[in-house]
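Read-outs throughout are calculated quantities, based only on the coordinates presented, and are distinct from any laboratory measurement. This one's a predicted model, so the numbers in the text were calculated from it and none came from an experiment. Neighbour counts are summed over all protein chains in view; Cβ atoms, including those assigned to glycine, are modelled from backbone coordinates with ideal geometry.
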Amino acid sequence: MNRARGCAAPQRHRSVRRRQVPQLLALLSAAGALGLAGCGSSAHALPTLRPTSTPTPSASASPTPDASHAAVLAAYDAYIAALNQADAATSSPGAWNLPVLAATMVNPLLQEFQAKLMQSEAQGIEVEGAFTPQHPSVISNTGSDAVVSDCVWDTTVQWYAAHNGFTAEPVPNQPGGTQPTGDGVQVDFTLVSGKWMASQNPDWEVGNCTGY
């Protein structure tokens with residue numbers, strides 16, 4: 001028996017009388033109609049295949065600035081403020097031991113900066129003026145280490161040494177000058193117990209802000 005979509009094909013019998021042909025044709029037509037109706041019933045119908053739509057990939061969200069950048073920049077501002085406070089305190093003994101230094105720096109930078117202040121105090125060197133951040137930016141941030149680049153405005157910061165009867169004289173090869181200028185600086189920061197701290201002796205280019 002041949003089947004098409006699960007239905008038996010109607011068989012034709014050769015030994016029929018001629019006068020029965022019209023009646024037989026009518027019966028076969030009716031049977032064929034019933035057979036097609038049975039094939040079309042819901043019990044035997046094949047499931048309708050619907051084209052599967054390919055989902056359109058959604059555009060990726062634009063990256064947002066790391067939230068820790070703001071904390072790094074705040075730590076940088078605190079670091080510059082600590083420098084200015086320590087420099088202003090060089091007119092009196094003990095500038096190297098200011099609490100603000102340990103609050104904004106960690107070793108090795110803290111030890112290096114304190115040693116420099118102690119040496120300046122021993123030599124009678126005082127610092128005048130102040131540094132002002134201009135447009136600091138975080139150029140690197142791994143989540144535990146970061147780098148801030150800035151053009152610091154140097155408002156005539158001068159190192160003076162008391163010589164010749166305590167007459168103040170400028171110390172050469174130090175930031176500052178007779179006119180305010182911009183100094184390029186990059187400062188490394190390390191995350192310590194959830195707080196960003198200046199950690200390495202910064203790169204400092206006096207009078208040059210190119211690339212900062």
Stretch gain in nm, segment H135-A102, where the contour uses 0.36 nm per residue and the Cα spacing is subtracted: 9.4 nm
Per-peptide average of other Cβ atoms within 10 Å, ordering 125-132, 86-93, 204-211 highest first: 125-132, 86-93, 204-211
Give, rounded to the nearest 20 debye, the magnitude of the charge dipole that the range 68-205 has about its Cα centre when Lys and Arg contribute +1 at Cβ and Asp and Glu contribute -1 at Cβ. 320
So if I take the alpha carbon set of the range 63-110, get Rg, then get Rh from the Kirkwood formula, what is the Rg over Rh ratio? 1.14
